[in-house]
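Novice: If you scroll down you'll find the structure; I have some questions about it.
The values are calculated or read from the model by the stated rules, or taken from the named source; none is laboratory data. Here the structure is a predicted model, which is why all the values come from computation and not from measurement. Heads up, the Cβs are rebuilt from the backbone with ideal geometry, glycines too, and the neighbour counts pull from every protein chain shown.
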Amino acid sequence: MGLDISGILVANKVKLDDFKGRAIALDGYNVLYQFLSSIRGPDGTPLMDDKGRVTSHLSGALYRTANLLEMGIKPIFVFDGKPHYLKKSTLAERRARKEKAKIEWDEALAEGDMEKARTKAQQTSKLTREMVGEAIKLLEFMGVPHITAPQEGEAQASYMTMKGDVYAAGSQDFDSMLFGTPLLVRNLTLSGRRKMPRRQVYVTVEPETIDLQASLDALGITREQLVDIGVLMGTDFNEGIKGIGPKKGLKLVKEFGSGEEVIKQKKFDVPSFDAVRKIFLEPEVTDDYEMKWNDPDLDKIMEFMCEDYGFSKPRIESILGKMETAKKARSQQSLDQWF
DNA sequence: CACGGACA
DNA sequence: TGTCCGTGG
């Protein structure tokens with residue numbers, strides 16, 4: 001995960017029902033990655049079809065999206081475009097970590113340590129272009145819109161929320177706050193209980209929203225200052241200063257007024273400070289997208305999931321029932337809009 | 001992650 | 001009705 005400013009933000013527990021009838025811009029990469037890393041067998045192997053293609057992301061995308069639609073929530077998936085050049089070293093770092101995790105996964109398997117194997121396996125998760133393409137195909141069969149951002153998906157989702165096209169940006173990552181989304185929703189899921197890394201321990205993960213303005217008011221800072229805190233801490237686009245987390249970053253920025261002043265007074269070295277700041281404050285986004293939810297093509301979904309990827313027919317059929325419910329709910333909604 | 005069968 | 005646990009592909 002990237003930037004962790006959870007310690008200084010105000011999160012509100014919410015019910016999935018609060019989002020009924022509302023559009024949410026989901027960080028597609030974030031959502032699929034979550035599925036890819038968590039939908040795995042006990043030894044860490046992801047779900048795969050008989051050709052060896054990973055299918056965890058498809059399983060997750062189908063169930064999750066069907067559930068949201070059934071609840072009357074209208075997701076629009078936003079995928080990352082071309083990464084900013086300042087992100088290159090972060091991406092390289094991630095690649096290296098995954099390679100190391102692969103070795104440790106094999107070692108854990110050899111030792112018979114399944115708990116460790118699973119954790120290491122999750123760390124190897126690599127969402128490929130193909131996987132994203134497959135998921136997009138599925139979304140299209142489900143009638144769910146998707147767009148590819150010019151650059152960062154989170155920036156695009158935030159922009160769409162600022163415009164009022166969607167109610168909130170959905171992601172597990174907090175970067176969206178820096179990109180300026182007025183509302184971030186995390187844990188947009190049905191099931192509450194989730195297993196912690198260490199066995200036996202369960203936590204209930206509830207959907208929550210983070211309101212940007214309320215958070216800024218509570219902290220007594222501006223969005224620019226929030227961005228500065230992030231850049232001092234380090235983001236996907238820069239390294240940040242060792243020893244500076246959300247608390248210290250907040251304190252310094254409030255004390256000196258701005259990140260620039262903190263750097264000057266404290267003689268910190270933050271390469272590309274202005275450029276990184278600009279990525280968050282003036283991100284590359286587009287208005288070229290269409291928010292349109294179509295009726296699902298149930299036959300195509302069946303064919304895609306069962307014939308192409310070997311999912312069991314009864315399972316998929318039961319999900320299609322949800323899609324039918326969603327369809328009815330949607331037509332009811334259009335009536336509501338007319339009257 | 002999400003589901004469903006087992007069990008209380 | 002609620003929770004635990006194994007499985008899905």
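Novice: Inspect all residues belonging to segment A:186-204 and state whether any of them is more than 16 Å from DNA strand B (Cβ to nearest atom) and on the phi < 0 side of the Ramachandran plot.
Specialist: Scanning segment A:186-204, I find no residue that is more than 16 Å from DNA strand B (Cβ to nearest atom) and on the phi < 0 side of the Ramachandran plot, so the answer is no.
Novice: State which residue is nearest to the chain's Cα centre (by Cα) when the search covers only segment A:22-73 and only residues that are charged (D, E, K, R) and more than 10 Å from DNA strand C (Cβ to nearest atom).
Specialist: Here the answer is A:ASP27.
Novice: Okay, moving on. Collect the residues in segment A:252-274 that are of a type in the set (Ser, Thr, Tyr) and closer than 19 Å to A:LEU86 by Cα, keeping them in residue-number order.
Specialist: Answer for segment A:252-274, where residues must be of a type in the set (Ser, Thr, Tyr) and closer than 19 Å to A:LEU86 by Cα: just A:SER272.
This table checks each residue for (1) among the acidic types (Asp, Glu); (2) within 11 Å of DNA strand B (Cβ to nearest atom); (3) part of a helix (DSSP H, G or I).
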{"position": "A:ASN12", "(1), (2), (3)": "no, no, no"}
{"position": "A:ILE24", "(1), (2), (3)": "no, no, no"}
{"position": "A:PHE35", "(1), (2), (3)": "no, yes, yes"}
{"position": "A:GLY52", "(1), (2), (3)": "no, no, no"}
{"position": "A:PRO83", "(1), (2), (3)": "no, no, no"}
{"position": "A:SER89", "(1), (2), (3)": "no, no, yes"}
{"position": "A:LYS98", "(1), (2), (3)": "no, no, yes"}
{"position": "A:GLU104", "(1), (2), (3)": "yes, no, yes"}
{"position": "A:ALA108", "(1), (2), (3)": "no, no, yes"}
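Novice: Given A:GLN172, A:GLN151, A:GLN213, which one is closer than 19 Å to A:ILE8 by Cβ, of a type outside the set (Gly, Ala, Ser), part of a loop (DSSP other than H, G, I, E, B) and assigned by TED's automatic domain parsing to the domain that holds A:ILE24?
Specialist: A:GLN172
Novice: Could you count how many residues in segment A:293-315 are buried (at least 18 other Cβ atoms within 10 Å of the Cβ) and either in a loop (DSSP other than H, G, I, E, B) or within 11 Å of DNA strand C (Cβ to nearest atom) (or both)?
Specialist: 5
This table checks each residue for (1) over 30 Å from A:ASP175 (Cα atoms); (2) of a type in the set (Ser, Thr, Tyr).
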| site | (1), (2) |
| --- | --- |
| A:GLY259 | no, no |
| A:ARG277 | no, no |
| A:GLU282 | no, no |
| A:TYR289 | no, yes |
| A:LYS292 | no, no |
| A:PRO296 | yes, no |
| A:LYS322 | yes, no |
